[in-house]
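The values are calculated or read from the model by the stated rules, or taken from the named source; none is laboratory data. This one's a predicted model, so the numbers in the text were calculated from it and none came from an experiment. Every residue, glycine as well, gets a Cβ built from its backbone with ideal geometry; the counts of neighbours run over all protein chains shown. Areas reflect the complete protein model, heavy atoms only, side chains present, ligands, DNA and RNA absent. Shrake-Rupley method; radii C 1.70, N 1.55, O 1.52, S 1.80 Å.
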Amino acid sequence: MPPSISRGLASVLLLFALTSRVAGQANLTVDGNQTYQTIRGWGGNVYSWMLNGWNGWTDRRVYDIAFNELGTTHVRLVTEFECWEARNDDEDPEHFNWDYFASRFEQHDTGALLVQSDFNMMDSLAHRFGKPVLPGIWNVPNWMVTDSTLARERDLPRSKHAEFAESVAAYLLWAKNRRGIAISEIILANEPDGYQVAYSPEELRDLIKTVGAKFRREGLTTKIVAPDLASPYYDPEQWVAPLLADSMAASCLSAISYHTYFVDGGPDQWNAKFERIAGLARSSGLEVYFTEIGTTPWSIPNTTWPWAFECLQMWHNVLTHGSASRGYQWALLGRDQAVNADASRNPIFHALQQFFLHVPVAARRVAAQSSHPDLLASAFKHAAQGTLTIVLINRAPAALTVNLALQNLPVSSLEAFRTSAQEPHRQLAGLPVADQKLQVTLESQTILTLTGRLAPERDVRPPSPPTGVRVRLP
C-alpha cells in the first residue's frame, strides 16, 4: 500500500475512532403487551446495632431520607440472632421458657442490648415507618454449634435443628405477641455457603423442613426465603433444584433468593445464572428476591460514583435477566450505606432513586429491546395507575442518541430524570411523544428515567347485545 494511501486510511480510521466516542446510535423498542414479573417492592439492608453509630439511630433525618426521599418500601434486617437465646432456654425444643426470653429485655450485657436493639429496630420500621421487615439470621449461639471457637463455616448439627427451629419460632412469636410486629417472611441462613454458618444444600433443605413444620405447629404463617447464597457462583442446579424437588421444603418457601457478589468479570457475569434462577422459581410459582445487591471488585470504594454506576447495572440485570420481583440494596443504613449516619447521601442513593422513586409497587415489567449492548433499558407499566416508566443506562464510553419506539403504550409526553457523576437525580424538561416515537441523547455514564401517563383506552367496541335486543350506541 502506498504511504500516502496508508496515511490517508490512518487519518480516516482515527477520525472514525474519535467521532465514534462523541456519539453513537441506538434503537429501543418498548412493547406494553409483552409482560414479565410484577414488582413487589424496593428494599435495602439495615443493621439494628445502635451501639456503634452505623445506622443513624439518633438522627431522625436518616430515616426520613432513606424511606421518604429515596422511596424504599421494604427492609431486610441484619439481626443479632445469636444473642436471642444465648443459652438454651430449657432442654425441650417443644416447650418455650418465656421467662428466659423475657429476661433478655431486662439484662444489660452487650448480647442483651443487641437483642433489645433488634426488636426496637423492627418496632420502629414496622410501626413508625410502616415498612415490612425481612429478618435475616447470620449466626447462631455457641451452644448450638459443633465448634464454638470458629468464626466462619460453623456447623449446626442436625441434632440441633429442632432447637434452632424452637428459637426462631420464639423470636417470631415474641415479635407478634409482645410487640405487634407481623413478620411474613424470614431468612434462616444468610449466605449458607459458609459466611458464618455453613450448610450443604441437603442440610439447608432439611433445616427448612424442620423449621417449617415447627411454624405450622405454632400457628405461624411466616414463609422462608432461601437459599440466600452469596453469588450464583454457587450453582442454582446444586442448591435451588434439590430444594424445589422436595415438595415439603418447597411448600415452606415464598421466594428464591440470591446475592450478586463475586463479579470480578463485570456486572454481566451472572446473567445466564440469573435467568436460570428465575426459571427454577417460576417452575414452582415462587417469587425471586435478590436480597443483597452490590458489586465487586472490592477495590472500588462503594461511596464513589463508579461503584454506584456499576451497582445500578447489576440492578438492571437482576430485574431483566433475573426477573426479580424485589431487590434489596446492600446497604441502605449501616456499614456500606446509601445514607450516612449524619444524613448525607452517597452516589448510590441518587442512582437508586431512578428505580425506587419512579417505578411503583405492583407495576409489571414490559419488554424493552435495545439494539446497542451498552444501552441497558428496562420498562414498567402500572395498569391500575395508568403509568409507564423507562429506565435507560448508557455505559458506552460516549454519548448515545436513542431512537425510542413505543408499542401498545399510548403516551403523549414523558417526564425525564437524570443521574450522573455531576447530577444527583435532576429533573429535566418534559419530552413530547409524536406517533409513539421520540429521540433522546444520553451522555456517557448516565442514567435517564422517563415517566408518563398512559392515555385511557378509547373507541373500544362494546360487547354484542343479546339476540332481539336493540341498543343505542353513542
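Quick notes
- Cβ-based net charge around ASP228, under 12 Å, with every Lys or Arg adding one and every Asp or Glu removing one: -3
- Computed with a 1.4 Å probe over protein heavy atoms only, the accessible surface of segment 399-444 comes to 52 Å² per residue.
- The residues packed around MET248, meaning those with a beta-carbon under 11 Å from its beta-carbon, carry a net charge of +1 if Lys and Arg are +1 and Asp and Glu are -1.
- The calculated FRET efficiency for ALA151 paired with TRP298, based on their beta-carbon distance and R0 = 25 Å, is about 0.85.
- Only DSSP H runs of four or more residues enter the estimate; each adds -39500 (n - 2.57), and after division by the residues of the chain the mean residue ellipticity at 222 nm equals -9000 deg cm²/dmol.
- Angstrom value of the Kirkwood radius, inverse mean 1/r, which spans all Cα pairs in segment 330-382: 13.2 Å
- Protection proxy ranking, highest mean first, for peptides 317-328, 79-90, 32-43: 317-328, 79-90, 32-43, where packing is the per-residue count of other beta-carbon atoms within 10 Å, averaged.
- Protein heavy-atom accessible surface, 1.4 Å probe, per residue over segment 138-273: 37 Å².
- Candidate lysines for bridging to LYS160, where Cα separation is under 30 Å - those fewer than 8 sequence places away on the same chain excluded: LYS176, LYS209, LYS214, LYS223
- Between ARG216 and ALA182, residue separation times 0.36 nm minus the direct Cα-Cα distance comes to 10.7 nm.
- Antiparallel bridges, percent of DSSP beta bridges restricted to the chain (to nearest 5): 50 percent
- Nitroxide proxy distance, nm - points 7 Å out along Cα→Cβ at SER251 and GLN25: 5.9 nm
- Taking other residues whose beta carbon is less than 12 angstrom from the beta carbon of TYR63, and scoring Lys, Arg as +1 and Asp, Glu as -1, yields +1.
- Antiparallel beta bridges, as assigned by DSSP with both residues in segment 312-456, represent about 100 percent of the total such bridges.
- Accessible area of segment 280-435 belonging to carbon and sulfur atoms, whole % at 1.4 Å probe: 50 percent
- Surface composition of segment 98-238: carbon and sulfur make up 46 percent of the accessible area, probe 1.4 Å.
- Debye-sum result for the chain in log10 I(q)/I(0), which assumes one identical scatterer on each alpha carbon, at q = 0.05 Å⁻¹: -0.23
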